[in-house]
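Notes follow the structure.
The values are calculated or read from the model by the stated rules, or taken from the named source; none is laboratory data. Computed from a prediction, not measured in an experiment: that's the story for all the values here. Cβ: placed from backbone, ideal geometry, glycine included. Neighbour counts: every protein chain shown.
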Amino acid sequence: MRPPIRTLATCLALAFAAPSPAQPDAKAPLDPAHVVAQFRKAYHKRPFVESLDITVRTASETRRESAVVRANIKGELRLELGDLIIWTEPARLLAVHRLNAGAFFQAPLEGPDRAAEFARVLPPLPIPQIALVLQPHDAAPSLWTVSPLAASPHWDTATAAHRAKKPAVVLAGTCEQATVRVAGVGDPPQLVFADTKSVRNDLTTTISADITRLDEPVGKLEADLRGRTRVESLTDLRPLTPDLRPGLGMPDLIAEPATRGPKDASSALTPLGKPAVIVIFRGGTPGIDNLLRSVRAQAPTPAASVRALAVCPLTDTKARAAAIALMNAAGVTGFISYSEATTLARFAPSDEQTAVVIFTDGTGLVQAILPLSQANDPATLKQALERCK
C-alpha cells in the first residue's frame, strides 16, 4: 500500500481518459467570466458526489489515479484519495488514513478563500471542484485553479455546446506555457471533464479529468476521531498493520454482503446503535463453523448483532461459495472481502493469524479483539461478550 505522500504525488500527475467531446453550437460566443460564475453557482453550497478518473501523460509515461469528491449543503468538502481521506470543517482541515485508525492530521483552514489555505497544506491537486466549493462564489475567474499546470488561468473563450442532447459549455484558457479546457453540462453547468496541456523545456505534459456525478447520498464527511492521536505532518498518516485496538472506533471495512438483496440498517457490517460481534476469517480456516455457532449461542440476542466476514481471493469462487454456505448454515449475517490487508490484517497480530473476533459497543468503539485460539475458550468469549453490553 503506497503511503499518502505518494498517493498525493501521483494525483498531481493525473491524465484523465478524455470523454467524447461536447459539440459546439452555432451561437455567439459566451462571456468566459459569466461561465466561470455559472460553474461556481453549480457547486456553491450544493450537495454532490463526483468521481474523477485521472491520468498524467508525458512522452515517457502515463499514470492513472482516481478520486471521489463529496460536498454538503454547508459548503464543506471531502476528498477520498486512495486510502487517504481529507475533509474540511469551517475553520480546519482534517485527514485520516484508512489503514491507520490511531492517527489524524489537522491544520487551520480560515479566511474567505479557503481553497488557497487548502493548497498551502496539500500540494496543488488537479481537482477543479476544490476551488468551486471552498472559494467565495464571487471570487475572480482567474482564481479558479483546475490543475497544477495552470495555477491562475486567463479564461479566453467560452462556447455554448450540447452533449447527449443536453445544454453544455466549453471553457478554454491559457496560463504561461499551458492551455486549459473545461466542459460542463446542465444549467448551471456541472463538470464533465477538464484537461490541461503544458509545454516546458520541450517536455509536454497533459492532465485530463473525466468527471462523473454519482447517484448516491453525500453521507457524513468526517471520520471517527475517537482514540486517534494528532500527528504533525500529513506524511505521518502511514498505514499500520495491525492498526486497530480496543478503544478505537470501528472503521468502515471494504466488504460486500454475502447475500444479495435490499440493503438496510440491519444488514450493515457494524449496526448503528447496537453492540456487535464480528468474526473475520480467512476462507478455508478450520473450525470457523463451530466458532460462529458458539458466538451466536452466547451473544445476548437481540442486544448484540453477530456478523461474519470471510476473506477470499477474488478469483477463488469455490472458497467464496464455501464461506457463504458456512455463514448461512451458522445463521449469521455474512459478508465477503477480497482484501486481507484492509480487513483481517488490520486486527491480526501476525500473518499467521487466520481469524479474529471483534467486539464493539453500541457507539461503535472496539471493546475487545480475540484471536481464534482465545475465542474458542468459552470463558474468554463470555467475558468479551460482557464488555459489549
Quiz item: Just one of Ala310, Ala329 is within 26 Å of the chain's Cα centre (by Cα) and either more than 22 Å from Pro251 (Cβ to Cβ) or in a strand (DSSP E or B) (or both); which is it?
Solution: Ala310
Exercise. Would you confirm whether any residue within region 44-66 is modelled with pLDDT of 95 or more, among the polar types (S, T, N, Q), in a strand (DSSP E or B) and closer than 27 Å to Ala172 by Cα?
Key: yes
Quiz item: Is it the case that region 178-195 has a residue that's at pLDDT below 90, among the charged types (D, E, K, R) and crowded, with 19+ Cβ neighbours inside 10 Å?
Solution: no
Practice problem: Working carefully through the options Ile130, Ile86, find the one that is under 30 Å from Pro246 (Cβ atoms), within 25 Å of the chain's Cα centre (by Cα) and crowded, with 21+ Cβ neighbours inside 10 Å. | Solution: Ile86
Exercise. Within region 35-79, count every residue that is more than 30 Å from Asn201 (Cβ to Cβ) and either under 20 Å from the mean Cα position of the chain (by Cα) or surrounded by fewer than 22 Cβ atoms within 10 Å (Cβ to Cβ) (or both).
Key: 26
Practice problem: Working carefully through the options Ser350, Ser294, Ser305, Ser339, find the one that is among the hydroxyl-bearing types (Ser, Thr, Tyr) and surrounded by 22 or more Cβ atoms within 10 Å (Cβ to Cβ). | Solution: Ser305
Self-check item: Residue in region 343-362 that is polar (S, T, N, Q), assigned to a loop (DSSP other than H, G, I, E, B) and either more than 17 Å from Arg245 (Cα to Cα) or modelled with pLDDT of 90 or more (or both) present
Solution: yes
Practice problem: Look at region 210-250 and say how many of its residues are in contact with an Asp or Glu (Cβ under 9 Å, 6 or more places away or on another chain) and surrounded by fewer than 16 Cβ atoms within 10 Å (Cβ to Cβ). | Solution: 4
Quiz item: Does Pro251 qualify as being part of a loop (DSSP other than H, G, I, E, B) and without any contact (Cβ under 8 Å) to a residue 40 or more places away in the chain?
Solution: no
Quiz item: Inside region 375-389, can you point out the residues that are of a type outside the set (D, E, K, R) and surrounded by fewer than 16 Cβ atoms within 10 Å (Cβ to Cβ)?
Solution: Pro378, Ala379, Thr380, Gln383
